Each structure stands twice: as structure tokens, then as C-alpha cells.
Amino acid sequence: MARIMALRLKLLLAATGLAAFLQPALAEPPRAVVELFTSQGCSNCPPADALLVEYARRPDIVALSFPVTYWDYLGWKDTLAHADFTARQKDYAHARSDRQVFTPQMIVNGKKSCIGSDRAQIENAIQMTLKGHMRLPVDVTVSEQNGMVTISVAEVAEPARREALVWVLPVLRSQTVPIERGENKGRTVTYANVVRGFKRVGEWRGGAARFELPAATARSGGDGYIVLLQAAQDDRPSVILGAAKSAGL
């Protein structure tokens with residue numbers, strides 16, 4: 001009898017272990033969102049673009065490329081740039097009250113400005129904006145089923161974190177551009193997670209919440225998407241409270 005019981009226990013443990021092995025692992029909430037404001041017409045930008053490609057590969061980082069328009073006059077019009085991205089960069093500068101707008105500029109967690117090619121400065125900014133925590137303060141998850149995207153935002157207790165907007169940003173996972181004129185003439189640059197637009201899907205006020213939209217809308221103009229939970233300051237983007245990536249990013 002004792003042998004039979006021991007055998008049953010071994011089989012149960014083996015089955016439990018197999019089930020745990022077969023169950024997909026849940027992604028950890030990211031530590032940071034890094035937004036690179038870049039331009040194909042900026043000779044200082046390719047090292048920052050290469051660094052963002054590295055950040056885009058990290059599961060604990062949400063990386064975004066925002067190509068801007070204000071260097072187009074230098075002889076090469078950026079093929080990925082949009083005026084909305086330039087406006088977002090300027091809005092960040094006004095929200096910080098430093099009015100610093102340059103390329104390559106990295107904004108970390110919606111708050112800290114860095115030189116986009118300076119890895120040490122960026123890593124320090126991540127630590128500063130997390131304030132001793134290991135990850136962004138609000139858990140955001142995404143799932144897809146039957147052609148619909150469901151965004152889930154967790155509840156938090158801190159009153160200062162009870163209001164934010166939920167955004168979906170379609171992105172191109174990777175885009176390689178041969179540059180024919182301007183300061184980067186003759187160079188071929190690869191960009192990661194190139195933003196193609198902004199879609200506001202709702203407001204969050206601190207409690208558990210769910211938002212839905214068609215997957216085709218979430219990916220419109222891109223082959224994946226990023227979800228941002230971001231506070232606003234005087235209608236300008238401010239601290240990022242949570243984020244999530246679609247599968248494959």
C-alpha cells in the first residue's frame with residue numbers, strides 16, 4: 001500500500017510539473033517606456049536608433065521611435081516622420097518647463113529627458129523615475145480573441161495615481177531606410193517600433209478597468225501595437241503609469 005501511495009504521489013507531482021511547464025508564462029510588467037525622438041536628417045541619430053533597437057528586444061522595456069519633421073529642410077525629408085510626433089516632443093518640453101527639444105532625445109517614463117545615444121544616462125533616468133521601485137506602478141495587460149483586443153488595467157490605492165488616459169499606438173516592428181540625401185546620405189538605418197499613430201481608447205480613474213477595440217484598429221498602419229497608460233498635465237503628456245506590448249514586440 002505504501003508503495004502504491006508513493007507511486008501515485010510521484011505521478012501527481014509529475015503531472016503538476018508538466019502542467020506548469022505547458023502553461024504559458026505571463027509577461028512581467030515593464031520597468032520603463034523609452035521614447036526616442038529621431039530624424040533621418042540628423043547625423044547624430046543613427047547611434048541612438050541602434051540603441052533603441054537593443055531596447056526594443058528587452059522584455060522589461062517598452063521602446064518607441066517617434067520620427068520628427070523639423071530637420072526635413074536639410075535636404076532629406078524623413079520618410080517616417082509625422083507632425084504629431086513633433087508636437088508630442090514639444091508638449092513634453094512644455095510639461096517639463098525646460099523647453100528642450102533636440103534629436104536624438106529620449107524621454108523616459110514620460111518624465112526624464114536624456115541624450116538618446118547615452119546608455120548610462122538613460123539607465124540612470126530609468127532608476128530615477130522608478131523611485132526605488134522595480135517596475136511601472138500600474139499593471140496593464142493585453143489579450144486578443146476573435147479579432148478583438150482587450151486591455152485590462154489594474155486597480156491601485158494611491159490617490160495620486162487615479163487618473164490617466166489609455167492610448168494604443170500602432171507600430172512598425174522594424175523598418176530599414178536607405179537615406180539618399182542630407183546629413184546621412186549613403187547610410188542605411190534600421191528603426192524599431194516606429195509609431196504610426198495615436199488612438200485614445202478611454203480614461204482610467206484608479207479602479208480595475210477593461211477596454212476593447214478591434215485588432216485591426218489597434219494595428220492600423222503597423223504590424224503591432226503598444227498600450228500606454230499616461231497621465232496628462234494641462235492637456236500635455238506626463239508620467240507614464242503602465243504599458244504593455246502586443247505579441248511579437
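Each reported figure results from applying straightforward, stated rules to the coordinates on display, with no laboratory input. Keep in mind that what you see is a predicted model, and the values were worked out from it rather than measured. Glycine also receives a Cβ, built like all others from the backbone with ideal geometry; neighbour counts cover every protein chain displayed.
Here residue 90 and residue 143 are evaluated by their C-beta separation; at R0 = 30 Å the FRET efficiency comes out at 0.30. Remark: the residue 199-residue 152 segment gains 15.3 nm on full extension, using 0.36 nm per residue and subtracting the alpha carbon distance. Here's the picture: charge each Lys and Arg Cβ at +1 and each Asp and Glu Cβ at -1 in the chain, and of 204, 108, 140 the one pushed furthest to the positive end of that dipole is 140. Here, P(r) means the percent of Cα pairs in each 5 Å bin from 0 to the largest distance; for the chain it is 1, 6, 13, 16, 18, 15, 10, 7, 4, 3, 2, 2, 1, 1, 1, 0, 0, 0.
Residue 101 to residue 212: FRET efficiency via 1/(1 + (r/R0)^6), r the Cβ-Cβ distance, R0 41 Å, to the nearest 0.05? Rounded to the nearest 0.05, the efficiency is 0.70. Over 23 Å apart at the Cα level, from the set 111/199; 111/131; 111/185; 90/199; 90/245; 90/111, are 111/185; 90/245. Counting neighbouring Cβ atoms within 10 Å and putting the fewest first, the residues 131, 112, 185 line up as 131, 185, 112. If only the Cβ of Lys and Arg carry +1 and only the Cβ of Asp and Glu carry -1, the dipole of segment 30-245 around its Cα centre is close to 120 debye.
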